[in-house]
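One structure is given below, encoded as structure tokens.
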Amino acid sequence: MTISIIIPIINEEENLKILLPHLVESKAKEIIIVDGGSKDESKKIAKSFGALVFDSAKSRAKQMNLGAKKASGDILYFVHADSIPPKNFDDAILKEIKNVPFGCFRSLFNTNNKFLLLNSYFSRYKGMMFRGGGQTLWITKNFFEKLNGYDESLKLMEEYDFIKRASKIADYKVIQEDVLVSTRTYDKNGNFKTQLVYALIMFGFFRGIEKEKLLKFGKRWLS
């Protein structure tokens, strides 16, 4: 089986300079960058590393769905531009995909802050409250298409929604290796405040609160 790495971006030139050298050393068949309207050198940098670059409307769900459509691999691996997968992530995915159709890795915040490291610790467990897009998601293309991809009507929580739908049909695996995750949102807004806002949005999402209200709430309190 072959892996297609899909990375949705908007103005991620600095992160791509770190992430792409790491990914090109893997066994992945291709790296697909889906740009939502970058104004910096992101696309130029992506092409310099041999990535396939596609333009999309600004929407993480739409960007990831377009990447999946363009992918030629049997396995889709969705990665955030500010996350660094573990070494030999490709071998780990190819091993586990034989047993389950999708899964993720643990996450480890790139910090010495004890609060965030404790937050990271719980990502080793299964359950929606311990999930996050930064953990990266791997899934067979067939299963992804069976689920009709990400819900493009969502402007937030699209990855939680997808995992929730997927886990109703099949079991998944949390590979016990760490994806290094950026703390940039926490750095801008404060650790406690950011975690509280995320928790309230997650609670509201699964309680069925109108998505636009949750989006406005998030934009109001997080920069």
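The values are calculated or read from the model by the stated rules, or taken from the named source; none is laboratory data. Since we're looking at a predicted model, the values are computed, not measured. No Cβ is skipped: glycine too gets one built from the backbone with ideal geometry, and neighbour counts run over all protein chains shown.
List the residue pairs whose Cβ atoms are under 6 Å apart, where the first residue sits in the stretch 12-25 and is over 23 Å from Lys58 (Cβ atoms), the second is aromatic (Phe, Trp, Tyr) and surrounded by 14 or more Cβ atoms within 10 Å (Cβ to Cβ), and the two are 6 or more positions apart or on different chains.
Here the result reads Val24/Phe49, each pair linking the stretch 12-25 to a residue that is aromatic (Phe, Trp, Tyr) and surrounded by 14 or more Cβ atoms within 10 Å (Cβ to Cβ).
So which residues in the stretch 43-69 are in a helix (DSSP H, G or I) and within 18 Å of the chain's Cα centre (by Cα), if there are any at all?
Ala46, Arg60, Ala61, Lys62, Gln63, Met64, Asn65, Leu66, Gly67, Ala68, Lys69, listed by residue number.
Those residues that are assigned to a helix (DSSP H, G or I) and either acidic (Asp, Glu) or over 29 Å from Gly36 (Cβ atoms) (or both), I need them from the stretch 75-110; list them, please.
Answer for the stretch 75-110, where residues must be assigned to a helix (DSSP H, G or I) and either acidic (Asp, Glu) or over 29 Å from Gly36 (Cβ atoms) (or both): Asp90, Asp91, Leu94, Lys95, Glu96.
What pairs come out if I take residues in the stretch 73-88 that are within 17 Å of Arg106 (Cα to Cα) and assigned by TED's automatic domain parsing to the domain that holds Lys141 and pair them with residues that are of a type in the set (Val, Ile, Thr) and in a loop (DSSP other than H, G, I, E, B) whose C-beta lies under 8 Å away, six or more apart or interchain?
So the pair list comes out as Tyr77/Thr136; Phe78/Thr136; Val79/Thr136; His80/Thr136; Ser83/Thr136; Pro85/Val79; Pro85/Thr136.
Determine if the stretch 177-196 includes at least one residue that is surrounded by 15 or more Cβ atoms within 10 Å (Cβ to Cβ), assigned to a helix (DSSP H, G or I), modelled with pLDDT under 95 and among the aromatic types (Phe, Trp, Tyr).
Checked against the condition, which is being surrounded by 15 or more Cβ atoms within 10 Å (Cβ to Cβ), assigned to a helix (DSSP H, G or I), modelled with pLDDT under 95 and among the aromatic types (Phe, Trp, Tyr), the stretch 177-196 yields at least one hit.
Would you check if Ile7 is under 23 Å from Thr183 (Cα atoms) and aliphatic (A, V, I, L, M)?
yes
Quick one: how many residues across the stretch 26-68 are exposed (fewer than 15 other Cβ atoms within 10 Å of the Cβ) and either farther than 13 Å from Ile9 by Cα or in contact (Cβ under 8 Å) with a residue 40 or more places away in the chain (or both)?
Count: 5.
When you check Asn142 against the structure, is it polar (S, T, N, Q), surrounded by fewer than 17 Cβ atoms within 10 Å (Cβ to Cβ) and in a helix (DSSP H, G or I), yes or no?
It is true that Asn142 is polar (S, T, N, Q), surrounded by fewer than 17 Cβ atoms within 10 Å (Cβ to Cβ) and in a helix (DSSP H, G or I).
Any residue in the stretch 117-137 that is modelled with pLDDT of 95 or more and in contact with a Leu (Cβ under 7 Å, 6 or more places away or on another chain)?
No.
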